[in-house]
1. Whole-Hz ³J(HN,Hα) for each residue in the stretch 7-18, computed from phi via Karplus 6.51 cos²θ - 1.76 cosθ + 1.60 with θ = phi - 60°, x for glycine and proline: what do you get?
2. Using Cα pairs under 8 angstrom and six or more residues apart, how large is the relative contact order of the chain, in percent?
3. Ranked by Cβ crowding within 10 angstrom, fewest neighbours first, how are Thr57, Thr103, Thr71 ordered?
4. Within a 10 angstrom radius of the beta carbon, how do Phe94, Phe32, Phe99, Phe10 rank from fewest other beta carbons to most?
5. Taking the number of other C-beta atoms within 10 Å as the exposure measure, put Ser53, Ser43, Ser82 in order starting with the fewest.
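Every number in this text was worked out from the coordinates using simple rules, so none of it is lab data. As the structure is a computational prediction, the values presented were derived from the model and not from experiment. In this analysis, Cβ positions are derived from the backbone assuming ideal geometry, glycine residues included, and neighbour counts consider all displayed protein chains.
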Amino acid sequence: MVKINVDAAFAEQRGVGGWGLICRDDAQDIRFAAAGAQHDLQSALQAEAVALSKAVTLADRLGVGRVIFETDCMVLKQAMNSNDYELAQLGVLFSDIRFRLRTHFIEAHVVYVPR
């Protein structure tokens, strides 16, 4: 089992942001990390969801089987652990991430960790 911390930044006036992630194993050694910029964002929640999506994609490509994704966004955690946000503006993105979590990993969880 590894833990991947994800986070994002969002500049509302320009609609841009950034995302980052870091993966640590059970000995707290860094396995991989990544970061990038994102354009055409509408909200901080969208930036956080993009960060999680990037983390899911990278973990899958690197063959991670069991993972805990940690976020400091409570709404994102709730959206990943329920169907309550299906009709939300970001509902399609949330559904896509949840689908990949269920189908691409042996075990995957999204948890809230306050920063």
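1. Along the stretch 7-18, the couplings run 7, 9, 10, 9, 9, 4, 4, 9, x, 10, x, x Hz.
2. 27 percent
3. Going from sparsest to densest Cβ surroundings: Thr103, Thr57, Thr71.
4. Least to most surrounded, the residues fall as Phe99, Phe32, Phe10, Phe94.
5. The fewest-first ordering by Cβ neighbours comes to Ser82, Ser43, Ser53.
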